[in-house]
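Student: The structure under discussion is supplied below as structure tokens; questions concerning it will follow.
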Amino acid sequence: MSKVTDASFTGRRKDDHIRINLEEQVQFPNLMTGLERLRLLHQAVPEINLAEVDTRTVFFGERLNSPLLISSMTGGTERAQNINRVLAEAAQEAGIAMGLGSQRAALEDPALVVSYDVRAVAPNILLFANMGAVQLNYGYGVDECRRAVEMIQADALILHFNALQEAVQPEGNGDFSGLLGKIETVCRHLSVPVIAKEVGWGISPQAARQLAEAGVSAIDVAGAGGTSWSEVEYHRAPTAAHARVARSFADWGIPTADSIRYVCEAAPDMPVIASGGLRDGVDIAKCIALGADLGGMAGPFLKAAAESLDAVRQLIWEITTQLRIAMFASGAADIPALKQTTLLPVE
């Protein structure tokens, strides 16, 4: 199969993923994020002015107006290009970070680079390139990682881990053996930080230690409780048998709250991005109180971007306002104070 044919197939799969996420029920049927088991301790006398609550933070040396990340979603198709441009324009206006979807399609077919090129509308945002870690076992290396970064003038590279998704795809790449040494090589030779990211099943303590030892600069836990990619693949399955295999993993994974704790304990100096089922600014506040540095969302932003730029602007405003009020009602005047805020278990 030629690289162009590979890229065309990858593009069709990307469009399938967008359509399924917008049209089908792909949330975990029963497993939840774990954030619902936690609540911030309310302070009736916060002793701060709501108007002065400061949501600004710094990540990889870049100042953000809010600890909010538009998580990696898509690229490689015309529809994906429109979505990425809308998201990037809104991120630029709001001063928040953004990740792009896997750039494998554009590495295979340069004609698809335009679907990831957002710097024209977002020259100043903290922007993350993205490539599947497993591709390091399928002919990719430091050069391809560097091309992905240079393609979009990225500030960091995400290497995403999607072992279960690859396993339930009939066409999936299932060789995840020996990746840590190759990741270490990428981290050593790339000029920008490397972020290790799950895609929705969480990071275990062992994985956190292994990735820290390999030299990654941050971990995105992407825990269970939001979009289940085995459910997405269930809707793509070519046969009923493949669908049953995918469906059996609908509730697999480590809930987001648990994964944040695992990573913070196993790699205490590691910057942490919390994602996986976050739905509002209160969830982001809880994640930061658990030890995370940023909160990432994908599904809500995909739906908003499919509607309009104004819908994305409105969503960012709502999330940031929810976060600010949660901080105020918890007595946290800024993000460092929020990190020290008390979290209580729900009885």
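Student: Might you let me know whether the stretch 330-344 holds any residue that is modelled with pLDDT of 95 or more, in a helix (DSSP H, G or I), hydrophobic (A, V, I, L, M, F, W, C) and under 17 Å from the mean Cα position of the chain (by Cα)?
Tutor: For the stretch 330-344, residues modelled with pLDDT of 95 or more, in a helix (DSSP H, G or I), hydrophobic (A, V, I, L, M, F, W, C) and under 17 Å from the mean Cα position of the chain (by Cα): absent.
Student: If you go through the stretch 70-84 one residue at a time, do you hit one that is out of contact with any Phe, Trp or Tyr (no Cβ under 7 Å at 6 or more places or on another chain), more than 23 Å from VAL232 (Cβ to Cβ) and not polar (S, T, N, Q)?
Tutor: no
Student: A further question follows. Could you tell me which residue of the stretch 257-280 is farthest from ILE158 (Cα to Cα), considering only residues that are of a type in the set (Gly, Ala, Ser) and surrounded by fewer than 24 Cβ atoms within 10 Å (Cβ to Cβ)?
Tutor: For the stretch 257-280, the residue satisfying everything is ALA266.
Student: Would you say LEU290 is touching a Cys at 6+ places or on another chain (Cβ under 8 Å), surrounded by 22 or more Cβ atoms within 10 Å (Cβ to Cβ) and under 15 Å from GLN340 (Cα atoms)? Before the answer, list the steps.
Tutor: Details: touching a Cys at 6+ places or on another chain (Cβ under 8 Å): yes; surrounded by 22 or more Cβ atoms within 10 Å (Cβ to Cβ): yes; under 15 Å from GLN340 (Cα atoms): yes.
The answer is yes for LEU290.
Student: Of everything in the stretch 248-261 that's small (Gly, Ala, Ser) and part of a loop (DSSP other than H, G, I, E, B), which residue is nearest to the chain's Cα centre (by Cα)?
Tutor: To start, the set of residues in the stretch 248-261 that are small (Gly, Ala, Ser) comprises 248, 250, 253, 257, 259.
Keeping just the survivors that are part of a loop (DSSP other than H, G, I, E, B) gives 248, 250, 253.
Details: SER248: 24, ALA250: 19, GLY253: 16 Å.
The residue in question is GLY253.
Student: Count, please, the residues in the stretch 314-347 that happen to be touching a strand residue (DSSP E or B) at 6+ places or on another chain (Cβ under 8 Å) and of a type outside the set (A, V, I, L, M).
Tutor: 6
Student: Let me ask something else. Of all residues in the stretch 202-247, count the ones that are assigned to a helix (DSSP H, G or I) and of a type outside the set (Asp, Glu).
Tutor: Residues flagged as assigned to a helix (DSSP H, G or I) and of a type outside the set (Asp, Glu) within the stretch 202-247 amount to 23.
Student: Can you tell me which of ALA326, ALA311 is surrounded by fewer than 23 Cβ atoms within 10 Å (Cβ to Cβ) and either assigned to a helix (DSSP H, G or I) or not small (Gly, Ala, Ser) (or both)?
Tutor: After applying the criteria, what remains is ALA311.
Student: Look through the stretch 280-298, keep the residues that are outside any helix (DSSP H, G or I) and of a type in the set (Asp, Glu), and return whichever of them is nearest to ASP220 (Cα to Cα).
Tutor: Among those that are outside any helix (DSSP H, G or I) and of a type in the set (Asp, Glu), it is ASP293.
Student: Residue by residue through the stretch 262-279, note down the ones that are more than 10 Å from GLY296 (Cα to Cα) and not in a helix (DSSP H, G or I).
Tutor: Within the stretch 262-279, the first condition is being more than 10 Å from GLY296 (Cα to Cα), and the residues that meet it are 262-272.
Answer for the stretch 262-279, where residues must be more than 10 Å from GLY296 (Cα to Cα) and not in a helix (DSSP H, G or I): ALA267, PRO268, ASP269, MET270, PRO271, VAL272.
Student: Okay, moving on. Exactly one of (1) farther than 21 Å from VAL192 by Cβ; (2) within 15 Å of the chain's Cα centre (by Cα) is unmet by ALA167. Its number?
Tutor: With respect to (1) farther than 21 Å from VAL192 by Cβ; (2) within 15 Å of the chain's Cα centre (by Cα), ALA167 is out only on (2).
Student: Do any strands (runs of 3 or more DSSP E) lying entirely in the stretch 10-86 carry at least 3 residues that are within 22 Å of ALA222 (Cα to Cα) and hydrophobic (A, V, I, L, M, F, W, C), and which ones are they? Steps first, please.
Tutor: Working: elements: 38-40, 57-59, 62-64, 68-70.
Per the criteria, 68-70.
Student: For a quick check of your reading of the model, give me the residue pairs whose first member lies in the stretch 184-207 and is within 10 Å of LEU157 (Cα to Cα) and among the basic types (Lys, Arg), whose second is assigned to a helix (DSSP H, G or I) and at pLDDT 95 or above, with beta-carbon atoms closer than 7 Å and at least 6 apart or on different chains.
Tutor: none
Student: A follow-up question, please. Output the residue which, of all residues in the stretch 198-250 that are under 24 Å from ALA266 (Cβ atoms) and among the charged types (D, E, K, R), is surrounded by the fewest Cβ atoms within 10 Å (Cβ to Cβ).
Tutor: Once the filter is applied, the top-ranked residue is GLU213.
Student: Another question, then. For the stretch 121-133, which residues satisfy the criterion of being in contact (Cβ under 8 Å) with a residue 40 or more places away in the chain and surrounded by fewer than 22 Cβ atoms within 10 Å (Cβ to Cβ)?
Tutor: The one that is in contact (Cβ under 8 Å) with a residue 40 or more places away in the chain and surrounded by fewer than 22 Cβ atoms within 10 Å (Cβ to Cβ): GLY132.
The values are calculated or read from the model by the stated rules, or taken from the named source; none is laboratory data. The shown structure was predicted, so the numbers you read here are calculated from the model rather than taken from an experiment. Please note: Cβ atoms are built from the backbone with ideal geometry, for glycine as well, and neighbour counts cover all protein chains shown.
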